[in-house]
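Scroll down for the structure; my scribbles are underneath it.
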Amino acid sequence: MTEGQKTAVIFGLANKRSIAWAIAQKLAEAGWRLAITYQNERLELEAKDLIAGLPGATGFMCDVTQDEQIARLFEGLKEKYGVLHGVVHSIGFAPPAELKLPFLQTSREGFRIAHDISVYSLIAVARGAAPLMNAGGGIVTLTYYGSEKVVPNYNVMGVAKAALEATVRYLAYDLGPQAVRVNAISAGPIKSLAARGIANFSDMQKTLVERAPLKRNVDVGEVGSTAAFLLSEGGSGITGETIYVDCGYNIMGF
Ligand SMILES: NC(=O)c1ccc[n+]([C@@H]2O[C@H](COP(=O)([O-])OP(=O)(O)OC[C@H]3O[C@@H](n4cnc5c(N)ncnc54)[C@H](O)[C@@H]3O)[C@@H](O)[C@H]2O)c1
């Protein structure tokens, strides 16, 4: 390890279209040493291929619904790195049926799964990371505008993202005294594996081009750069915020 080099753990690499991958690339460019996690054996092959292309990066498996896997991961990170300066949480999931039926039909189990994976996991991961972040640092998660306005078909994920943004504020309050900042990036629609589950996703992108002040879609690299900024010295006064990287779409009333 180079002296002064910072270390981050990134959750949520599925493939090269993952927002986690764009963030990993920007952090690597900025000189970070990276631990990158993927969910399971099914995703391991593709994730490991990508990770092998980033100098100094190491892959770990972690399903965030399993407390013992989270505990084992942080034990491994403590052993390998000692200190962590950054955490990126780029994980979200709702059972596909919940994104197709009317919101009124949201099932108890679908609601539970969406909130467990997309919201509770941030708390679990922050708690695992906190003892390793004794030199201060930053935590970044990914959210979407469907948390505050109705986006048809986003359904229970919108409710989960609202809870995620509130979770960011409560974690920011708890972790502030140890100089750990917690923020969310609200990204415009980006074609990824998760996005494939949302019906009329391409209409969302089309409407953004029509209405957003910048008249174009967001490039995933822009989300990566914002995450790198939030974890850097430049972001040192920012905590508990939701930062939009959506070409300005959210400011429009009509
Ligand atoms: N793509 C978009 O348009 C968009 C916009 C705003 C916010 N986001 C958010 O960005 C984040 C990343 O999504 P993405 O678009 O890169 O898609 P993605 O499918 O590449 O990433 C989602 C990740 O969540 C992981 N995951 C799901 N369940 C898990 C579990 N139990 N344990 C561990 N990992 C699990 C998946 O393996 C995958 O790596 C999500 O929170 C998503 O809601 C996406």
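Overview of values
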item: 5 angstrom amide H check on Tyr244, placed H, neighbours 5+ away; result: Ser186
item: Distance violations [Cα-Cα > 23 Å] among Lys161/Lys191; Lys26/Lys48; Lys78/Lys161; result: Lys78/Lys161
item: Residue-wise HN-Hα coupling along the stretch 210-216, computed from phi with Karplus coefficients 6.51, -1.76, 1.60 (Hz; x: Gly, Pro); result: 5, 9, 5, x, 7, 6, 7
item: Distant-in-sequence amide H partners of Ile10 (H built 1.01 Å from N, under 5 Å); result: Ala35, Ile36, Thr37, Val88
item: Stretch gain in nm, segment Gln105-Val83, where the contour uses 0.36 nm per residue and the Cα spacing is subtracted; result: 3.4 nm
item: Average Cα contact separation per residue, the chain, under 8 Å, 6 or more apart, as relative contact order %; result: 20
item: Residue-wise HN-Hα coupling along the stretch 194-209, computed from phi with Karplus coefficients 6.51, -1.76, 1.60 (Hz; x: Gly, Pro); result: 4, 5, 4, x, 9, 4, 6, 4, 5, 5, 4, 5, 5, 5, 4, 4
item: Other-chain or far-sequence residues with amide H under 5 Å of Ile139's (modelled H); result: Val87, Arg181, Val182, Asn183
item: Loop-located trypsin sites (Lys or Arg not before Pro) in the stretch 86-185 whose Cβ has at most 15 other Cβ within 10 Å (DSSP); result: Lys100, Lys149
item: Surface share of carbon and sulfur [accessible, 1.4 angstrom probe, percent] for the chain; result: 55
item: Cβ-placed point charges (K, R +1; D, E -1), dipole of the chain about Cα centre in debye, nearest 20; result: 420
item: Among Gly234, Gly158, Gly128, residue whose mean-square fluctuation peaks in a GNM of the chain (springs only between Cα atoms under 10 Å); result: Gly234
item: Residue of Ala130, Ala52, Ala184 that the Gaussian network model of the chain assigns the largest fluctuation, springs spanning Cα pairs under 10 Å; result: Ala52
item: Percent of alpha-carbon pairs separated by more than 23 Å within the stretch 37-127; result: 34
item: Largest-first ellipsoid semi-axes for the chain, taking √(5λ) over the Cα gyration tensor eigenvalues, angstrom; result: 28, 20, 18
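The values are calculated or read from the model by the stated rules, or taken from the named source; none is laboratory data. Treat the numbers as computed from the prediction; the structure is a model and nothing was measured. Virtual Cβ from ideal backbone geometry, glycine too; neighbours counted across all protein chains shown. We work out accessible area using only protein heavy atoms, side chains counted, and drop any ligands, DNA or RNA first. Shrake-Rupley method; radii C 1.70, N 1.55, O 1.52, S 1.80 Å.
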